[in-house]
Amino acid sequence: MVQKATELGVSILRPVITRRTQAYRINLERMRANIIEAAEQCGILHIPEIAEPIKLESALQTWQEGRALVFCDEEISVSSPLETLRKIKPGPVAVLIGPEGGFDDDERQALSQQPSVHTISLGPRVMRADTAAVAALSLVNAVLGDWKPA
(Lines give C-alpha, C1' and ligand atoms only; values in the text may rest on other atoms or scores of the structure.)
Protein backbone atom coordinates (compact mmCIF):
# COMPACT_ATOMS: atom_id res chain seq x y z
CA MET A 1 0.00 0.00 0.00
CA VAL A 2 2.78 2.45 0.86
CA GLN A 3 4.42 1.88 -2.53
CA LYS A 4 1.21 2.70 -4.40
CA ALA A 5 0.46 5.70 -2.18
CA THR A 6 3.97 7.01 -2.85
CA GLU A 7 3.50 6.58 -6.58
CA LEU A 8 0.20 8.47 -6.35
CA GLY A 9 1.85 11.45 -4.67
CA VAL A 10 1.00 11.38 -0.97
CA SER A 11 3.12 13.58 1.26
CA ILE A 12 2.51 11.88 4.62
CA LEU A 13 1.67 8.30 5.56
CA ARG A 14 0.23 7.75 9.03
CA PRO A 15 -1.01 4.35 10.17
CA VAL A 16 -4.31 4.75 12.04
CA ILE A 17 -5.19 2.07 14.56
CA THR A 18 -8.88 1.18 14.71
CA ARG A 19 -10.74 -1.40 16.77
CA ARG A 20 -10.51 -3.96 13.98
CA THR A 21 -6.91 -3.31 13.00
CA GLN A 22 -5.12 -6.63 12.51
CA ALA A 23 -1.49 -5.45 12.46
CA TYR A 24 -0.64 -4.31 15.97
CA ARG A 25 3.06 -3.94 15.27
CA ILE A 26 3.89 -1.69 12.36
CA ASN A 27 7.40 -1.87 10.97
CA LEU A 28 8.14 1.77 10.13
CA GLU A 29 11.60 0.91 8.77
CA ARG A 30 10.08 -1.53 6.31
CA MET A 31 7.55 1.14 5.31
CA ARG A 32 10.40 3.57 4.68
CA ALA A 33 12.28 1.00 2.57
CA ASN A 34 9.14 0.37 0.47
CA ILE A 35 8.63 4.11 0.01
CA ILE A 36 12.22 4.64 -1.11
CA GLU A 37 11.99 1.72 -3.52
CA ALA A 38 8.79 3.12 -5.06
CA ALA A 39 10.27 6.61 -5.29
CA GLU A 40 13.39 5.32 -7.03
CA GLN A 41 11.36 3.21 -9.45
CA CYS A 42 9.14 6.16 -10.41
CA GLY A 43 11.76 8.91 -10.32
CA ILE A 44 10.05 10.72 -7.45
CA LEU A 45 12.36 13.22 -5.77
CA HIS A 46 10.31 13.82 -2.62
CA ILE A 47 9.43 10.84 -0.46
CA PRO A 48 6.46 10.89 1.90
CA GLU A 49 6.98 11.50 5.59
CA ILE A 50 6.13 8.54 7.81
CA ALA A 51 4.24 9.60 10.93
CA GLU A 52 3.97 7.48 14.05
CA PRO A 53 0.88 5.26 14.26
CA ILE A 54 -2.05 6.84 16.08
CA LYS A 55 -5.35 5.52 17.39
CA LEU A 56 -8.39 6.77 15.50
CA GLU A 57 -9.81 8.45 18.62
CA SER A 58 -6.59 10.43 19.13
CA ALA A 59 -6.40 11.37 15.46
CA LEU A 60 -9.90 12.82 15.58
CA GLN A 61 -9.27 14.68 18.84
CA THR A 62 -6.18 16.37 17.42
CA TRP A 63 -7.43 16.87 13.88
CA GLN A 64 -6.09 20.01 12.20
CA GLU A 65 -8.93 22.47 11.63
CA GLY A 66 -9.58 23.08 7.95
CA ARG A 67 -7.96 19.86 6.78
CA ALA A 68 -10.49 17.72 4.92
CA LEU A 69 -10.69 14.02 5.75
CA VAL A 70 -12.03 11.71 3.04
CA PHE A 71 -13.50 8.75 4.90
CA CYS A 72 -13.92 5.69 2.68
CA ASP A 73 -16.82 3.74 4.19
CA GLU A 74 -17.82 0.44 2.63
CA GLU A 75 -21.19 0.49 4.39
CA ILE A 76 -22.69 3.67 2.97
CA SER A 77 -25.02 3.39 0.03
CA VAL A 78 -23.24 3.54 -3.29
CA SER A 79 -23.41 6.94 -4.90
CA SER A 80 -20.98 9.06 -6.85
CA PRO A 81 -17.90 9.86 -4.76
CA LEU A 82 -17.13 12.60 -7.27
CA GLU A 83 -20.05 14.73 -6.09
CA THR A 84 -18.81 14.56 -2.49
CA LEU A 85 -15.20 15.27 -3.44
CA ARG A 86 -16.20 18.31 -5.53
CA LYS A 87 -17.63 19.92 -2.37
CA ILE A 88 -14.25 19.92 -0.63
CA LYS A 89 -12.50 23.29 -0.55
CA PRO A 90 -8.96 23.49 -1.92
CA GLY A 91 -6.31 22.72 0.66
CA PRO A 92 -4.76 19.79 2.46
CA VAL A 93 -6.69 16.52 2.25
CA ALA A 94 -6.27 13.24 4.11
CA VAL A 95 -7.72 9.88 3.09
CA LEU A 96 -8.80 7.25 5.62
CA ILE A 97 -9.01 3.63 4.48
CA GLY A 98 -10.47 1.03 6.80
CA PRO A 99 -8.93 -2.10 8.24
CA GLU A 100 -9.86 -5.64 7.33
CA GLY A 101 -13.40 -6.01 8.63
CA GLY A 102 -14.10 -2.28 8.25
CA PHE A 103 -14.91 0.31 10.86
CA ASP A 104 -17.22 -0.42 13.77
CA ASP A 105 -20.39 1.55 14.44
CA ASP A 106 -18.83 3.73 17.17
CA GLU A 107 -15.97 4.71 14.85
CA ARG A 108 -18.42 5.56 12.06
CA GLN A 109 -20.43 7.67 14.51
CA ALA A 110 -17.32 9.53 15.71
CA LEU A 111 -16.24 10.21 12.15
CA SER A 112 -19.70 11.41 11.10
CA GLN A 113 -19.65 14.03 13.86
CA GLN A 114 -16.47 15.67 12.58
CA PRO A 115 -17.14 18.76 10.43
CA SER A 116 -14.10 18.12 8.22
CA VAL A 117 -15.08 14.53 7.32
CA HIS A 118 -16.40 13.78 3.84
CA THR A 119 -17.68 10.20 3.55
CA ILE A 120 -17.46 8.43 0.22
CA SER A 121 -18.18 4.98 -1.14
CA LEU A 122 -15.67 3.21 -3.34
CA GLY A 123 -18.39 1.17 -5.01
CA PRO A 124 -20.36 -1.99 -4.42
CA ARG A 125 -17.38 -4.31 -3.86
CA VAL A 126 -15.44 -4.81 -0.64
CA MET A 127 -11.78 -4.22 -1.45
CA ARG A 128 -8.53 -5.08 0.21
CA ALA A 129 -6.97 -2.07 1.91
CA ASP A 130 -4.24 -1.66 -0.71
CA THR A 131 -6.78 -1.68 -3.56
CA ALA A 132 -9.06 0.73 -1.68
CA ALA A 133 -6.14 3.11 -1.15
CA VAL A 134 -5.34 3.17 -4.88
CA ALA A 135 -9.01 3.71 -5.77
CA ALA A 136 -9.48 6.50 -3.20
CA LEU A 137 -6.25 8.31 -4.03
CA SER A 138 -7.04 8.12 -7.73
CA LEU A 139 -10.43 9.72 -7.14
CA VAL A 140 -8.93 12.44 -4.93
CA ASN A 141 -6.21 13.16 -7.50
CA ALA A 142 -8.79 13.34 -10.29
CA VAL A 143 -11.03 15.82 -8.47
CA LEU A 144 -8.74 17.74 -6.11
CA GLY A 145 -5.18 16.86 -6.94
CA ASP A 146 -2.62 16.93 -9.66
CA TRP A 147 -4.88 15.25 -12.22
CA LYS A 148 -7.50 17.99 -11.89
CA PRO A 149 -8.00 19.80 -15.20
CA ALA A 150 -6.89 23.44 -15.15
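The values are calculated or read from the model by the stated rules, or taken from the named source; none is laboratory data. Keep in mind that what you see is a predicted model, and the values were worked out from it rather than measured. Ideal geometry is used to build each Cβ from the backbone, glycine not excepted, and the neighbour counts take in all protein chains shown. The area values use the complete protein model at the heavy-atom level, side chains included, leaving out ligands, DNA and RNA. Shrake-Rupley method; radii C 1.70, N 1.55, O 1.52, S 1.80 Å.
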Checklist outcome for this item: The residue from 56, 144 that alone is buried (at least 17 other Cβ atoms within 10 Å of the Cβ) and either acidic (Asp, Glu) or under 21 Å from residue 16 (Cα atoms) (or both) is 56
Checklist outcome for this item: Of (1) open to solvent by 50 Å² or more (accessible area, probe 1.4 Å); (2) not in a loop (DSSP other than H, G, I, E, B), residue 65 fails just (2)
Next on the checklist: Return the pair list, or none, for Cβ contacts closer than 9 Å from residues in the stretch 111-124 that are under 20 Å from residue 19 (Cα atoms) and in contact (Cβ under 8 Å) with a residue 40 or more places away in the chain to residues that are among the charged types (D, E, K, R) and surrounded by 15 or more Cβ atoms within 10 Å (Cβ to Cβ), at least 6 apart or on different chains.
Outcome noted: 111/73; 119/73; 119/108
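Among the residues of the stretch 126-139 satisfying the criterion of being hydrophobic (A, V, I, L, M, F, W, C) and open to solvent by 20 Å² or more (accessible area, probe 1.4 Å), which is farthest from residue 21 (Cα to Cα)? Walk me through how you get there before you give the answer.
So in the stretch 126-139, the residues hydrophobic (A, V, I, L, M, F, W, C) come out as 126-127, 129, 132-137, 139.
Restricting the remaining residues to those that are open to solvent by 20 Å² or more (accessible area, probe 1.4 Å) gives 126-127, 129, 134-135, 137, 139.
Values: 126: 16, 127: 15, 129: 11, 134: 19, 135: 20, 137: 21, 139: 24 Å.
The selected residue is 139.
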Item to check | Which numbered condition residue 123 fails, given (1) under 30 Å from residue 28 (Cβ atoms); (2) open to solvent by less than 40 Å² (accessible area, probe 1.4 Å) | outcome: (1)
Next on the checklist: Looking only at the stretch 30-50, filter to residues that are in contact with a strand residue (DSSP E or B) (Cβ under 9 Å, 6 or more places away or on another chain) and over 25 Å from residue 142 (Cα atoms); which one of those is most open to solvent (accessible area, probe 1.4 Å)?
Outcome noted: 32
Checklist entry - Consider residue 71 against the criteria (1) at pLDDT 95 or above; (2) more than 17 Å from the chain's Cα centre (by Cα): it satisfies all of them except one. Which criterion is unmet? => result (2)
Checklist entry - Which of the residues spanning the stretch 78-113 are part of a loop (DSSP other than H, G, I, E, B), over 16 Å from the mean Cα position of the chain (by Cα) and within 16 Å of residue 57 (Cβ to Cβ)? => result 104, 113
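Taking the stated definitions as given, is residue 4 of a type in the set (D, E, K, R) and within 13 Å of the chain's Cα centre (by Cα)? Outline the logic, then answer.
Values: of a type in the set (D, E, K, R): yes; within 13 Å of the chain's Cα centre (by Cα): yes.
Against the criterion (of a type in the set (D, E, K, R) and within 13 Å of the chain's Cα centre (by Cα)), residue 4 qualifies.
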Item to check | Counted residues, the stretch 4-28 - those being open to solvent by less than 50 Å² (accessible area, probe 1.4 Å), over 24 Å from residue 142 (Cα atoms), at pLDDT 90 or above and not hydrophobic (A, V, I, L, M, F, W, C) | outcome: 1
Checklist entry - Is there a residue being touching a residue at least 40 places away in the same chain (Cβ under 8 Å), at positive phi, of a type outside the set (Ser, Thr, Tyr) and open to solvent by 40 Å² or more (accessible area, probe 1.4 Å) anywhere in the stretch 95-106? => result yes
